[in-house]
Structures are given as C-alpha cells and as structure tokens.
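The values are calculated or read from the model by the stated rules, or taken from the named source; none is laboratory data. Predicted model, so just to flag it, every value in this text is computed and none were measured. FYI the Cβ positions are ideal-geometry reconstructions off the backbone, even for glycines, and counts take in every protein chain you see.
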Amino acid sequence: MKKLAMIFAVLAIAMVAISCAGTSVKRVETDTVMDLSGRWNDTDSQLVSEQMVKEMLERPWLRRFLKETGKEPRVIVGDIRNKTDEHIEVETFRKDIERELTNSGDVRFVASKSEREEIRDERADMQEYSSETTAKKFKKETAADFMLKGVITSISDAAAGKKVIFYQIDLELFDTESNEKAWVGQKKIKKVIDKPGIGF
C-alpha cells in the first residue's frame, strides 16, 4: 500500500513537471503586432483610434468651431457599441480614443458620465469635510460642445480551413446643442486566417 502511494506521488510530480515544461513566456514590447487568432485585438484598437482621431481633427468642423468661438472645442466620448459576434473590450478602445483626443492638444476633453458621477460624489464630500477655501463649488462644470459616438460591426466568412473577418468601425461626432453631425468617420479592417486541415 505504501509502495502504491509512493508510485502515485511520483507520477503526480512527473505530470506537474511535464505540464510546466510546456509553458513558455516571453516579454515583448507593447507595440509589437501579435495577431494570434485573427480577432480584434490591442493593435486594432490602437491603430484605429490613432487613424480615426487624426482624420477627425483634420476635417472642417474643427476649423469652423475655432473661427466661430476662438477656443478649442470640448469633446466627450459617449457610447461605443460592439455589434460583432465576438467579445471586444470596448472600454480599451474608448480609452485609446480618449488618449488620442486629449494628447492632440486640438480639443479639450470632458470626463465621461461615470467619471463625472464619481467626481460629483467627491465634491459633495468636500462640502462637509474640506475647508471653505479649498472645497470646490457645484455647478462649475464645463459642458461638452461635441459628443463622439460609435459602433463596431463585423462580417465573417469561412470555408475549407480559411476564414475572413471584416470589421467596420463607424464614429460620429455630434454637436451637443444642435444635435447636428459635425463629422462621420469610418475605418475598415479585413483579416484572412488560414488554418489548413481545420474547419471553422
């Protein structure tokens, strides 16, 4: 019985060693393009946000607003919906867009709805616990001039170990006072995934 228990223990240790030996981890630069599955990934999110924000800021709406008001427009990012058949971390894409907008220096960026709620809670807390000279006042928020909204859609086709995924990203910029569309942008990505001998 003791001998049998010893054999099982040795086998268990061997199996753990074999499973660990098959794992390999290598650190790479965060801007390294790694497309393993062919699905939407961090590279798509970064490239699309960079290209679309760049295009948006080169369009006439920005020059027109600067000419009419003499100041940079305040922009907020609204809903970006994922209407594909796969899980896409939309919040990462939203943050990439926010980063590009903020760092461009061409617009002023306004906090999102959830961020505003948290800041308002903090401001309310200040009224009770902070000194009068440092507590921030209510109704001093800066309103957004424009809201950016978007949707990600996809179409896929597969046969004989080959799959094609087509992504379409549509972004629209709305004037928050008039509801007019100031800009409409679109980016398309097509990926071919080849897995010989494997059916999709």
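Looking across region 44-61, the residues that are in contact with a helix residue (DSSP H, G or I) (Cβ under 6 Å, 6 or more places away or on another chain) and of a type in the set (S, T, N, Q) come down to Ser45, Gln46, Ser49. Among the residues that make up region 78-96, is at least one of them surrounded by 15 or more Cβ atoms within 10 Å (Cβ to Cβ), part of a helix (DSSP H, G or I) and in contact with a Lys or Arg (Cβ under 8 Å, 6 or more places away or on another chain)? Yes, some residue in region 78-96 is surrounded by 15 or more Cβ atoms within 10 Å (Cβ to Cβ), part of a helix (DSSP H, G or I) and in contact with a Lys or Arg (Cβ under 8 Å, 6 or more places away or on another chain). Screening region 115-154 for residues that are more than 30 Å from Val184 (Cβ to Cβ) and of a type in the set (Phe, Trp, Tyr) and picking the one that is nearest to the chain's Cα centre (by Cα) gives Phe138.
Would you say Asp175 is of a type in the set (Asp, Glu), surrounded by 11 or more Cβ atoms within 10 Å (Cβ to Cβ) and in contact with a Phe, Trp or Tyr (Cβ under 7 Å, 6 or more places away or on another chain)? Criteria met by Asp175. Assessment of region 130-140 against the conditions (closer than 30 Å to Lys162 by Cα and polar (S, T, N, Q)) yields no matching residue. Taken residue by residue, region 128-145 has no member that is outside any loop (DSSP other than H, G, I, E, B) and surrounded by 13 or more Cβ atoms within 10 Å (Cβ to Cβ). Just one of the listed residues (Asp170, Asp125, Asp106) is in contact with a helix residue (DSSP H, G or I) (Cβ under 8 Å, 6 or more places away or on another chain) and either assigned to a helix (DSSP H, G or I) or at pLDDT 90 or above (or both), and it is Asp106. Exactly one residue out of Thr69, Thr92 is within 12 Å of the chain's Cα centre (by Cα) and β-branched (Val, Ile, Thr): that is Thr92. Among the residues of region 94-109, at least one is more than 19 Å from Glu72 (Cβ to Cβ) and free of Cβ contacts under 8 Å to residues at least 40 places away in the same chain.
Is it the case that Ser112 is among the small types (Gly, Ala, Ser) and over 24 Å from Lys188 (Cα atoms)?
Yes, satisfied.
Within region 36-77, the residues that satisfy the criterion of being assigned to a helix (DSSP H, G or I), of a type in the set (Ser, Thr, Tyr) and under 27 Å from Ser156 (Cβ atoms) are Thr43, Ser45, Ser49. Answer yes or no: is there a residue in region 55-66 that is touching a residue at least 12 places away in the same chain (Cβ under 8 Å), basic (Lys, Arg) and surrounded by fewer than 18 Cβ atoms within 10 Å (Cβ to Cβ). Yes; the residues of region 55-66 include at least one that is touching a residue at least 12 places away in the same chain (Cβ under 8 Å), basic (Lys, Arg) and surrounded by fewer than 18 Cβ atoms within 10 Å (Cβ to Cβ). Screening region 150-167 for residues that are crowded, with 16+ Cβ neighbours inside 10 Å and small (Gly, Ala, Ser) and picking the one that is modelled with the lowest pLDDT gives Ser156.
Condition check ((1) over 30 Å from Gly161 (Cβ atoms); (2) of a type in the set (Val, Ile, Thr); (3) out of contact with any Gly (no Cβ under 7 Å at 6 or more places or on another chain); (4) at pLDDT below 65) across all residues:
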| position | (1), (2), (3), (4) |
| --- | --- |
| Phe8 | yes, no, yes, yes |
| Ile13 | yes, yes, yes, no |
| Asp31 | yes, no, yes, no |
| Asp44 | no, no, yes, no |
| Leu47 | no, no, yes, no |
| Met56 | yes, no, no, no |
| Phe65 | yes, no, yes, no |
| Asp79 | yes, no, yes, no |
